[in-house]
Every structure is written in structure tokens, then in C-alpha cells.
Amino acid sequence: MCGIVAYAGTKNALSILLDGLQRLEYRGYDSAGIFISNPKKDAVLKVKGKVNELRLLCDKETKEELFPIGLGHTRWATHGKPNESNAHPHVSNNKELILVHNGIIENYETLKKDLIQRGYTFESDTDSEVLINLFEEIQKTQQVSLEAAVQIGLNKVIGAYGIVVFDKKKPHELIVARLGSPLAIGIGKNDFFVGSDATPFLEHTKEVVYLNDFEMARLSFGEDIQVSNFKENTQIKAIINQLTFDLEHIQKDGFDHFMLKEIFEQPKAIENSLRGRIDLLKEEVQLDSVQKHESIFKNTKRIIILGCGTSWHAGLVGEYLLEKFTRIPTEVEYASEFRYRDPIIHKDDLVIPISQSGETADTMAALKLAKDRGAFIFGICNVVGSSISRETDSGMYTHAGPEIGVASTKAFTTQITVLILLSLKIAALRNTIQASESKRLLDELIQIPDLISSFLKQISEIKEIAKIYHKASNMLYLGRGFNFPVALEGALKLKEISYIHAEGYPAAEMKHGPIALIDKEMPVIVIATKKGHYDKIVSNVQEIRSRGAKIISIVSSGDESIKKMSDHCIEIPESDEIFSPLFATIPLQLLSYYIAILRNCNVDQPRNLAKSVTVE
Ligand code: G6P
């Protein structure tokens, strides 16, 4: 789970690589490095730490020279500690070949043993260094070009990778390849760009070729891109896509952090998720991706939702929605558990992997397992063209736009939005919802972006609450029904960015354990919206109050009963219970954000976490 950038052309690779790496830091940030080359000089520069430190080193070492070609890497350690020698790029023993790699080589130990027997030495503990020496060995023994050596070598390798390789003997050429780790190639007027996604080269070109698994490309200055399948050794016609988002989408827009920007982007993001999917005249959901496979959705006997982290929480909301409206039994599974427990999958199962990045390794493996066993796969992803979205039979994009903050925010609310649309659509196909009920809900749904926008204008009380509780060591989040997954998500947000221990619980389960934790020191956050188990949650709040806990409640506007019992109260717009996760999540995201800021935490890059987990 690392970020890769490369450039070949006439511009200065150094600044393109450094700017690009900075934008890819969300993929990993424990060390960084670059290789740059011009006819007179080349250099490998690496640091333990972030891209800013690499920039300082480059300023010192390169003195405004022009380097028309180079590779860069920002790392999230998988093999070997985060340090300089394990940082990429890696150089082959003969010092001729240079490589950056994202992924894991599973059989690296066997390959390494063989190379050691042939006299190779290794400077790092990484699997990546094995790969570059394997290419050197093939080049040497078979007298072939780097391109051919990569093609032969990758057929000996087991694992996942996105790689860029450079051979000093061909100083105008880059070889790139992928299996399981994403790679995008930007096609400029007179140059080539490579990135783990397109963000590093957005301002340079809008034309992009996404490599598929088992594909490699030769990017040779002055020639067209050459794509081939390295497994079948066949040429492939490169498909050029046009990028539809701009650089400003991935900048902070005046916000202090990406996370805050992305929280505030939620009205727009939800609007984009709804766009074109509701027929306003007929007041019904229109989803070609479902309609095209009508019989599958009509006849399926079971739905299995797969996901990790926040996407798994959205899946829980999805379970409630799908069962309520479609009456199809629905299960939600952690992808990592599902893939290894020999699950029972029927041919008429509908499997829904949910993933913001579309690159999460466990979700990918779980969906492949379900696909191999004959289930129909309907994906919900944010990143267009991502690996998961390309493996599915059909699906919906959330259209939330790039999410850079490691803690997921707008991805969650847009995943829920898409799940609402999907549930209503399937229910309409199966006649399990009255048209009038569907219309009523859709009318309410299209108002939600505006209501969230208004809510976001009055958040000063959340900052005040953060001031009071930012030193807490534990927090408990309680919710029922549709708001139980919201409680889990609220607790996850707090853990991820403020490092405060937090637990999410179904409010009624509190009596079966967590109630023992409650004392005067413990802030308890209760999500208690008007519709949906309101009376029951009033009783739960009384139980907590009588044990002296500090109560922060999230209530529907105009609520009086719970307000009276709470120390602090945040009012959100009143809505049908199915929509309350879209509202209730937002104050919880903001509370975590402001608490993390007061604790001086790195909100956008929390320790030990990465945005997309492309290793299991
Ligand atoms: C990582 C991220 C989480 C995310 C999870 C699943 O753990 O830090 O924010 O929810 O991966 O990612 P996905 O891209 O599959 O939704």
C-alpha cells in the first residue's frame, strides 16, 4: 500500500515526482524516495519520513539541474521496517536497473534464496529488492531487454504489484506493469506520467490509460504507449480515458485539513450520488445497472454485503435498508473473515462488495471468491476504474469525488445514499414497496443535501463539546436500529484520528457489559432521533444518567425529553428513520475532528493507518 509516481519526457521530473508523491501520501507515508536521471548524472535519494523531508534532501542534492526522467515512491511498510534502506527506489546489484513497487511478492523468500545462491546481495529487507535483482538475472542469463526480462520475471512471481522499472541502458524509457495494485498512465503531448492513481498528473494531462491485471506497458520517449499482456505475451490496444475531475478537487479549498473539507463536501457528494438516479417526474429510482439484470434482482434469495472499516459500517446500514424494503435476507460480512472461512455461496446469491477506494485487498479477494462460486457481484465503489469496480458484474459508483483524508467521511454517507437508492429500486422491482411510500421517501431524500448544508452552518456547539471532552480517555457511543451502525462509525472516527479509546454499542446491549464502565468520567454519546425506537432509547439514557455519566445526545430538532436528560445536545434535522444515519453521522465526524485537533493529532494522516489497504 504505497504510492508510485514516474515521469518520462522533457519537463523536470524532479518537481513532478515530488508534487505527485505529496498528493499520494494518503497511500502511505513512512518513507519516501526518488530516482532521477539526465545524461550527465543520476541519483537515488531516500528518507525515512514524509515527502517534505525528501523535498529538503532533493533541494540540497540536485541544485536546479534538469532531469527528464525519474521514479518516485511513498511507502507504507509491509516487508521490513520503515527506514532509508527499505525505502524505494531499489537498485539492482549491477546498479543498472531501478524499481519502485507497490504490493507484496509472496514467494520472495524462494526467489531471494535462489538469487543469493547465484551471488546476489541485498541491502534491504524488502520483497521489492528481490524483484529488481530477478530482472537483472533474467536480463543477464537470457540476454534480453528489460521489457522482456520483466515479462519473463513476472511469470515467476506470486503476489500483487504495481511496478515501474528503469534501465540505465535505455535512459528514455520506463517499463510499468500491474497485477492487483493500481497503476494509471497519463499520456501527455510529449511525455508520459505514471501514478498509483491519476492525482499526481492531473494538471499535466487529462488522458489516462488504466492498466489491467497482467498488463504491462513500455513508455518510450518519442513513441506511442505499447501495452501488452505479460501472461499471454500478446499486444493490447491501449484504451485512453478522459479524466473528469480537476486538481482543485483534490486540494484543500481553504480548509485546514482534507478531512474537514470532505465533511463539508457531503451535501455536494450526496447530491452527486443521487444525480440522474431519480426520475423526478415518475418519482421512482432509475438504475440501469439494476434494470439490466432485472431477473437477478427479482429472483435472488439472499444478499451478502462485503466490506472493511467504514465501508463495513455502511454495509450494516445497507442490511437494515435491504431487509426492510426488499424482504431479502441480507448478511454483512467483514471481507477478511469471509474470504478465509469457506463460506456457503449459492448461484442465486447477490453479493455487494462496498469499497471507497475499490482497492482493498480483502474486499477484492472476498468478491473474487464469491464470483468464482457463481454469485452475481454488484459493486459499490467510489474510485472510478478501480480494481474492485472492474471485477464486478454490475454496480454503482458513489461519485463522492476523491477522498484524501485517511478517515473516511463523505464515502460513508454516499455509500448509504447509494444503498438507499438500491434498496428502493429492488423493492420496486419485487413489489415489496408501495409506489406512494417510495415517492414519499424520494421526496424527502432529495431535500437532504440542503438540510445537511444548513446544519453545517451551525456547528459551534460541537467545537465547545470538543473543548470539554478532548482529554477523555474513553468514550461510549450508543444507538439503536439504523443508528447502531452510526454509533460504530462515530467510535471508529474518534479512535482513528484522536487515539481515544471508543466503543460503539447497540444501546440496549449496554446493560450486558459496557454499563460497568460508566462513571462520572465517561462521556457517553447517544444517538436518539425521534423516529425509530425513541421511547426505548429514552429508557437507555435514564439508565446511563443514573450512573452519573456525561451525556452528549444527538437528537431530532425540537426534541425535549432527551435534551433535558443530557449534558449537551446536538440537534439534527428530523427525518424518516432510514435517513437518520445521513444526518447523525455528521456531528460525530466533526466531534472527532475537533477533538483530534485539540489533541494535536495529525488528522489527515493518523499514525499507523493508510487510506487504502491493498495488503491483507
Ligand atoms: C482503511 C481506511 C478506512 C476504510 C477501509 C476500507 O482502513 O483507513 O477509512 O474504511 O480501509 O477501505 P475501502 O476503500 O475498501 O472502503
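Read-outs throughout are calculated quantities, based only on the coordinates presented, and are distinct from any laboratory measurement. Keep in mind the model is a prediction, meaning the values are calculated, not measured. Counting neighbours? That spans all protein chains shown, and the Cβs are built from the backbone with ideal geometry, glycine included.
Straight-line reach from K425: taking Cα to Cα under 20 Å and skipping same-chain neighbours fewer than 8 places apart, the lysines in range are K282, K292, K298, K301, K324, K439. For the listed peptides 403-412, 551-560, a ranking on the average number of other beta carbons within 10 Å per residue, highest first, reads 403-412, 551-560. Compactness check for the chain: Cα Rg over 2.2 N^0.38 Å is 1.01. The alpha carbon radius of gyration of the stretch 460-598, expressed as a multiple of 2.2 N^0.38 Å, is 0.92. Over every Cα atom in the stretch 547-616, the radius of gyration and the widest Cα-Cα span, Dmax, amount to 16.2, 48 Å. Within the same chain, aspartates and glutamates fewer than 8 places from K40 are excluded, and of the rest, those with a Cα less than 12 Å from its Cα are E65. Projecting label points 7 angstrom from Cα along Cα→Cβ for I236 and K471 puts them 5.8 nm apart.
Rounded to the nearest 20 debye, the dipole magnitude of the stretch 188-240 is 80 debye, with +1 charges on Lys and Arg beta carbons, -1 on Asp and Glu beta carbons, and the Cα centre as origin. Counting every alpha-carbon pair across the stretch 203-284, the share separated by more than 16 Å comes to 71%. Going by alpha carbons, how many degrees (0 to 90, nearest 10) lie between the helix axis of 108-117 and the longest principal axis of the chain? In the chain, helix 108-117 runs at an angle near 20 degrees to the longest axis. Normalised by the number of residues in the stretch 503-566, the mean separation of alpha-carbon contacts (under 8 Å, six or more apart) gives a relative contact order of 37 percent. Computed over the stretch 105-188, the P(r) curve from all C-alpha pair distances, binned at 10 Å from the origin, holds 16, 50, 30, 4, 0 percent per bin.
Here the gap between N431 and R390, fully extended at 0.36 nm per residue and compared with their Cα-Cα distance, gives a gain of 11.7 nm. Principal-axis analysis of the Cα atoms of the chain puts helix 483-498 at an angle of about 50° to the longest axis. In this label model, S454 and K169 are separated by 7.1 nm, measuring between points 7 Å along each Cα→Cβ vector. Spin-label model, H512 to K463: label points 7 Å out along the Cα-to-beta-carbon direction sit 4.2 nm apart. Estimated translational diffusion coefficient (Stokes-Einstein, Kirkwood radius over Cα pairs, 37 °C, 0.692 mPa s) of the stretch 355-510: 179 µm² per second. Histogrammed with a bin width of 5 Å, the alpha carbon distances of the stretch 252-455 distribute as 1, 8, 16, 21, 21, 16, 10, 5, 2, 0 percent, first bin at zero. Between L66 and K113, residue separation times 0.36 nm minus the direct Cα-Cα distance comes to 13.0 nm. For the chain, the relative contact order comes to 11 percent (Cα pairs under 8 Å, sequence separation of at least 6). Descending by average beta-carbon neighbour count within 10 Å, the peptides 32-45, 427-440 line up as 32-45, 427-440, the highest first. Straight Cα distances below 20 angstrom link K48 to the aspartates and glutamates D19, E25, D30, D59, E61, E84, E123, D125, D127, E129, D604, with same-chain residues fewer than 8 positions distant left out. Of the residues G103, V227, P449, the one whose Cα sits farthest towards the positive end of the charge dipole of the chain is G103 (charges of +1 on Lys and Arg Cβ, -1 on Asp and Glu Cβ, taken about the Cα centre). For the pair N600 and D342 in one chain, pulling the backbone fully straight at 0.36 nm per residue adds 88.5 nm over the alpha carbon distance.
Spatial offset of the stretch 50-104 relative to the stretch 394-413 amounts to 30 Å, using the alpha carbon center of each. Taking the inverse of the mean reciprocal distance over all distinct Cα pairs, the Kirkwood hydrodynamic radius of the stretch 3-249 comes to 17.6 Å.
Helix 580-598 against the longest principal axis of the chain: what's the angle in degrees, Cα atoms only, rounded to the nearest 10? Rounded to the nearest ten degrees, it is 60.
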